[in-house]
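The block underneath contains the structure these notes are about, expressed in structure tokens.
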């Protein structure tokens, strides 16, 4: 029997956890579904990533209202993927912050990504009709932006390419809490379809140098000790490096994409196949790694049509 496309067969609702990592700092996690973060200030709230639709976002807003009645005034987009950004309208925030790289990707491919991701993972796009359109940032930064929530410093940083060209992390230097977006995963397969695989390990090295004590990954449980944080960064780096190394060897030998997929996919599955969304990610990951190894530096745009053509070619 052919595999169901991407995550279309994943229909199981996940248990939500809302952990306080420091005073007024929270991690929203859901058993391998996309995570979000919350920072409560003296007079307002900052949210890191918004979930996929305004209706889906209500599950996070409900948790926020359980700890504060302060308005959400700031949203930070860790990157451009629809599953992270299209719930933004539910919060009523004044300011939506993104890196220049993320803004450019929304402009270049946001519409295609919306349709593509909704078809890959329909469960996450609950009440898709509630999405009013693409989420556009109204505050764009190049490398770093600093906000002060009273006495709390919040650094919003683009430290380099990795999961996408515009990855943004949110760092609380006093509390040493890091919101990494999908640059770091815990027990979940990194999605690499829009990645810069050769640069990703270097960006992770910069994250590790921050020496976080607690870390909210893009997927998976919140990490609550320095060792857990370091291990998650290292494990993500090992996966990304192994993926690119195995695929580039196949390219160097003149193998076709399907041949590389068959050989590299099996080897990666032996070590990482138990991770969340492995079967969903690996065809996209190997396709992107194959492109990058052949010199295609800027990831090609995924569309719903291209998604299915690739899936049939590799899984058929």
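Got a number for residues in the stretch 283-305 being more than 16 Å from residue 195 (Cβ to Cβ) and within 21 Å of the chain's Cα centre (by Cα)? Show your work before the answer.
Pass one, the stretch 283-305, residues more than 16 Å from residue 195 (Cβ to Cβ): 303-305.
Restricting the remaining residues to those that are within 21 Å of the chain's Cα centre (by Cα) gives 303-304.
Counting residues in the stretch 283-305 that are more than 16 Å from residue 195 (Cβ to Cβ) and within 21 Å of the chain's Cα centre (by Cα) gives 2.
Check the stretch 1-18 and report whether any residue there is buried (at least 24 other Cβ atoms within 10 Å of the Cβ) and touching a residue at least 60 places away in the same chain (Cβ under 8 Å). Steps first, answer last, please.
The initial filter retains those residues of the stretch 1-18 that are buried (at least 24 other Cβ atoms within 10 Å of the Cβ), namely none.
No: the stretch 1-18 contains no residue that is buried (at least 24 other Cβ atoms within 10 Å of the Cβ) and touching a residue at least 60 places away in the same chain (Cβ under 8 Å).
Identify all residues within the stretch 104-128 that are surrounded by fewer than 15 Cβ atoms within 10 Å (Cβ to Cβ) and under 12 Å from residue 56 (Cβ atoms); write none if there are none.
Within the stretch 104-128, 127 is the sole residue that qualifies.
Pick out the one residue from 304, 262, 222 that is farther than 20 Å from residue 166 by Cα and buried (at least 19 other Cβ atoms within 10 Å of the Cβ).
222
What pairs come up if the first residue lies in the stretch 255-276 and is in contact (Cβ under 8 Å) with a residue 24 or more places away in the chain, the second is crowded, with 19+ Cβ neighbours inside 10 Å and in a loop (DSSP other than H, G, I, E, B), and their beta carbons are under 6 Å apart, counting only those six or more places apart or on different chains?
Sorted first by the residue in the stretch 255-276, then by its partner, the pairs are 275/189; 276/32.
Of the conditions (1) buried (at least 16 other Cβ atoms within 10 Å of the Cβ); (2) over 20 Å from the mean Cα position of the chain (by Cα), residue 38 clears all except one; give me its number.
Unmet for residue 38, out of (1) buried (at least 16 other Cβ atoms within 10 Å of the Cβ); (2) over 20 Å from the mean Cα position of the chain (by Cα): (2).
Just wondering, is there one or more residues in the stretch 148-157 that are free of Cβ contacts under 8 Å to residues at least 40 places away in the same chain, buried (at least 19 other Cβ atoms within 10 Å of the Cβ), out of contact with any helix residue (DSSP H, G or I) (no Cβ under 7 Å at 6 or more places or on another chain) and over 21 Å from residue 19 (Cα atoms)?
So far as the stretch 148-157 goes, yes, one or more of its residues are free of Cβ contacts under 8 Å to residues at least 40 places away in the same chain, buried (at least 19 other Cβ atoms within 10 Å of the Cβ), out of contact with any helix residue (DSSP H, G or I) (no Cβ under 7 Å at 6 or more places or on another chain) and over 21 Å from residue 19 (Cα atoms).
Every number in this text was worked out from the coordinates using simple rules, so none of it is lab data. Everything quoted here is computed from the prediction, not taken from an experiment. Positions of Cβ are generated from backbone atoms using ideal geometry, with glycine treated the same way; all protein chains shown enter the neighbour counts.
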